[in-house]
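The values are calculated or read from the model by the stated rules, or taken from the named source; none is laboratory data. The structure presented is a predicted model; accordingly, all values stated were derived computationally and were not measured. Here Cβ is always computed from backbone atoms with ideal geometry, including for glycine, and neighbour counts include all displayed protein chains.
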Amino acid sequence: MAHSKEKIIVIGSGPAGFTAGIYLARANLNPLLIEGFMAGGMPGGQLMSTAEVENYPGFANGIDGQKLMGEMRQQAENSGVRMNMVDITSVDFSSRPFTMTDMNGDTYEADSVIISTGANARRLDMDSERQYWMKGISACAVCDGALPIFRNKPLAVIGGGDTALEEAEHLTKFGSKVYIIHRRDEFRGSKILQKRVMEHDKIEILWNKVPEEFYGSNVLEGVKLKDTVTGEISDLIVSGCFQAIGHRPNTSFLGDSVVLDATGYIRTENGVETSVSGVFAAGDVQDPQWRQAIIAAGSGAHAALAAERWLNEHK
């Protein structure tokens, strides 16, 4: 088994990981970036499954998600970041140097670590959902809602928490009508958000409903809904369906090495500092609220600068 000794390691790719790597390389810290393989979704993060990104600065006409991540990765490589496409399966942050083990049994030591493994949107386990993923079905209304295929069309949001209610309200700017599909007869979201969606003239709430099947030709054209009380099946004609049923942070490999919150996100102070001195977290893995690429990238820069300062103070 191979063993590697490093000054600093970045675990995870995506906007946070690649940005951290670029900053660290430019600081002559010779970082090693562990991209991930399959454990947290494909390397590059959630943008790898996003067809069009219109809200990332610097691209006047938008950019394909995979192309954006390819450019970030290439920039990191050009900056001198070394990369390894494997999953880290366990870590030991109890003493320095910190140690990590990957899926092949290879081990790593590092004086400092940045965790940027992201979070994956929870998705419905349905064949038809997979068929129309990114062909009308999305997990981010803020990312995709303004796309031309959704403008002035009937849209739906699945969920009943704050995220679902916020996304439904956001989609009223673009869709002709917005349906909220919720499996229960009351929302879990905050009272003020409930009031706003219930009073909005473009939003209709479909209580006690769950998706049974998505359908369409080449793109989504509608969804069959099942009533959770009566079992009755109904048709809902929509051109877009946004799942807002939560996210799952990719932190299972960490065990109890750093403090997590009740939902598995890494708790941080001062933006990027974890409960272990010298271990930092950036991007969606420590951000249960915003989950935007530009915020993750900024977080990656923050973590890299904080790690550089920490290394200088702990020579």
For the stretch 172-200, pairs from a residue that is not assigned by TED's automatic domain parsing to the domain that holds G231 to a residue that is among the polar types (S, T, N, Q) and modelled with pLDDT under 95, with Cβ under 6 Å and 6 or more apart or across chains, are none
Is one or more of the residues making up the stretch 175-197 at pLDDT 95 or above and among the hydroxyl-bearing types (S, T, Y)?
yes
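For residues that are within 21 Å of P31 (Cα to Cα) and either among the basic types (K, R) or more than 22 Å from the chain's Cα centre (by Cα) (or both), tally how many sit in the stretch 103-155.
Residues of the stretch 103-155 within 21 Å of P31 (Cα to Cα): 103-118.
Still in the running and either among the basic types (K, R) or more than 22 Å from the chain's Cα centre (by Cα) (or both): 103-112.
Result for the stretch 103-155: 10.
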Would you mention how many residues in the stretch 268-300 are more than 28 Å from D162 (Cβ to Cβ) and aliphatic (A, V, I, L, M)?
2
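Take the residues in the stretch 258-273 that are among the β-branched types (V, I, T) and out of contact with any helix residue (DSSP H, G or I) (no Cβ under 8 Å at 6 or more places or on another chain); name whichever of them is surrounded by the most Cβ atoms within 10 Å (Cβ to Cβ). Write out each step before concluding.
To start, the set of residues in the stretch 258-273 that are among the β-branched types (V, I, T) comprises 258-259, 263, 266, 268, 272.
Still in the list and also out of contact with any helix residue (DSSP H, G or I) (no Cβ under 8 Å at 6 or more places or on another chain): 258-259, 263.
Values: V258: 21, V259: 12, T263: 12.
This residue is V258.
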Counted residues in the stretch 146-156 being out of contact with any helix residue (DSSP H, G or I) (no Cβ under 8 Å at 6 or more places or on another chain) and buried (at least 24 other Cβ atoms within 10 Å of the Cβ) come to 1
Would you say A297 is at pLDDT below 95, over 22 Å from D92 (Cα atoms) and buried (at least 20 other Cβ atoms within 10 Å of the Cβ)?
no
Hey, N218 hits all of (1) under 25 Å from I137 (Cβ atoms); (2) touching a strand residue (DSSP E or B) at 6+ places or on another chain (Cβ under 9 Å); (3) surrounded by fewer than 17 Cβ atoms within 10 Å (Cβ to Cβ) but one; which does it fall short on?
(2)
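Residue by residue, here is whether (1) of a type in the set (V, I, T); (2) at pLDDT below 95 holds:
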{"position": "E129", "(1), (2)": "no, no"}
{"position": "Y132", "(1), (2)": "no, no"}
{"position": "A141", "(1), (2)": "no, yes"}
{"position": "L147", "(1), (2)": "no, yes"}
{"position": "F150", "(1), (2)": "no, no"}
{"position": "P154", "(1), (2)": "no, no"}
{"position": "V157", "(1), (2)": "yes, no"}
{"position": "T163", "(1), (2)": "yes, yes"}
{"position": "T172", "(1), (2)": "yes, no"}
Here the residues within the stretch 61-93 that are at pLDDT below 95 and in a loop (DSSP other than H, G, I, E, B) are N61, G62, D64
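Say whether the condition of being within 30 Å of P211 (Cβ to Cβ) and out of contact with any His (no Cβ under 8 Å at 6 or more places or on another chain) is met by at least one residue in the stretch 104-118.
As a first pass, look at the stretch 104-118 and keep what is within 30 Å of P211 (Cβ to Cβ): 117-118.
Checking the rest, the ones that are also out of contact with any His (no Cβ under 8 Å at 6 or more places or on another chain) come to 117-118.
Among the residues of the stretch 104-118, at least one is within 30 Å of P211 (Cβ to Cβ) and out of contact with any His (no Cβ under 8 Å at 6 or more places or on another chain), which makes the answer yes.
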If we keep just the residues of the stretch 274-288 that are surrounded by fewer than 24 Cβ atoms within 10 Å (Cβ to Cβ) and touching an Asp or Glu at 6+ places or on another chain (Cβ under 9 Å), which is nearest to S95 (Cα to Cα)?
G278
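For the stretch 41-64, state whether one or more residues are more than 23 Å from I295 (Cα to Cα), of a type outside the set (A, V, I, L, M) and surrounded by 15 or more Cβ atoms within 10 Å (Cβ to Cβ).
Taking the stretch 41-64 as the starting set, the residues that turn out to be more than 23 Å from I295 (Cα to Cα) are none.
Checked the stretch 41-64: no residue is more than 23 Å from I295 (Cα to Cα), of a type outside the set (A, V, I, L, M) and surrounded by 15 or more Cβ atoms within 10 Å (Cβ to Cβ).
I need the full set of residues from the stretch 94-145 which are free of Cβ contacts under 8 Å to residues at least 40 places away in the same chain and either surrounded by 23 or more Cβ atoms within 10 Å (Cβ to Cβ) or assigned to a helix (DSSP H, G or I) (or both), in order please. It would help to see each step written out before you state the result.
The first filter runs over the stretch 94-145 and keeps only residues free of Cβ contacts under 8 Å to residues at least 40 places away in the same chain, leaving 95, 99, 101, 125, 127, 130.
Within the stretch 94-145, D127, R130 meet the criteria.
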Just checking, how many residues over the stretch 10-40 are in contact with a strand residue (DSSP E or B) (Cβ under 6 Å, 6 or more places away or on another chain), surrounded by fewer than 24 Cβ atoms within 10 Å (Cβ to Cβ) and not in a loop (DSSP other than H, G, I, E, B)?
1
